[in-house]
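Visitor: Please read through the structure below; I'll follow up with questions.
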Amino acid sequence: MTVCRGRCDPSRPDEALARGHLVLEAAPYPLAELPERARTYIERHEFILAVIDAKRSPNACFVMENTRRAKTYAGAAPVGVTKWTADSAGITLPLFHSPDAGYIATVSIRGGELRGRGRSWGTGTGDGPIPPDSIIGRRIGPPDRAICIREAEARAAATLDQSQGT
């Protein structure tokens, strides 16, 4: 998945604001199914997404990274679980949520391609309204939440190392 300002051009990856992996599953699963280290990291660092938005029953996870400093909350949460919903507008899912800001993606999937828009909201930038983003992506295989688990566990280990001064 790639997030851009304006139209995303796959031939110009350097213009991406954020990129990563989005794993959409057909059915919700209990947060308790995640390995303890990954679950603990997600509950501590992305509590609102995991517990409030997904109600401890996510059906999606993601790993995202900001690639450029820009006004967007895409990639503000580097790894998390969330819940997608479908309606006539497509698939909607939050990818960041703090007490005063968030990021909502609304996408559609056709022929293995994901396309849509992302909207940052909230007061965090202090620079006024944030323009919408474009989102593109392509299917790379069946849902594999291990991508998210590995990233959450790696971040948990890094956080532990930092707190121990190593």
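Visitor: If I go through the stretch 44-80 residue by residue, how many of them are free of Cβ contacts under 8 Å to residues at least 60 places away in the same chain, of a type in the set (A, V, I, L, M, F, W, C) and in contact with a helix residue (DSSP H, G or I) (Cβ under 6 Å, 6 or more places away or on another chain)?
Guide: 1
Visitor: Residues that are in contact with a Pro (Cβ under 9 Å, 6 or more places away or on another chain) and closer than 21 Å to Thr159 by Cβ: list the strands (runs of 3 or more DSSP E) wholly contained in the stretch 8-94 that include at least 1 such residues.
Guide: Fully inside the stretch 8-94 and qualifying: 18-24, 60-66, 79-82.
Visitor: How many residues does the stretch 8-27 hold that are touching a residue at least 60 places away in the same chain (Cβ under 8 Å) and farther than 26 Å from Lys83 by Cα?
Guide: Selection size over the stretch 8-27: 1.
Visitor: Could you go through the stretch 61-71 and let me know if any residue there is of a type in the set (Gly, Ala, Ser) and either farther than 26 Å from Ile136 by Cβ or modelled with pLDDT of 95 or more (or both).
Guide: Checked the stretch 61-71: no residue is of a type in the set (Gly, Ala, Ser) and either farther than 26 Å from Ile136 by Cβ or modelled with pLDDT of 95 or more (or both).
Visitor: Can you report the number of residues in the stretch 63-90 which are in contact with a Leu (Cβ under 7 Å, 6 or more places away or on another chain), surrounded by fewer than 17 Cβ atoms within 10 Å (Cβ to Cβ) and under 18 Å from Pro129 (Cα atoms)?
Guide: Qualifying residue count, the stretch 63-90: 0.
Visitor: Any chance you could count how many residues in the stretch 114-135 are touching a Lys or Arg at 6+ places or on another chain (Cβ under 7 Å), at pLDDT 95 or above and surrounded by fewer than 19 Cβ atoms within 10 Å (Cβ to Cβ)?
Guide: Here the count works out to 1.
The values are calculated or read from the model by the stated rules, or taken from the named source; none is laboratory data. Quick caveat: nothing in here was measured; it's all calculated off a predicted structure. Heads up, the Cβs are rebuilt from the backbone with ideal geometry, glycines too, and the neighbour counts pull from every protein chain shown.
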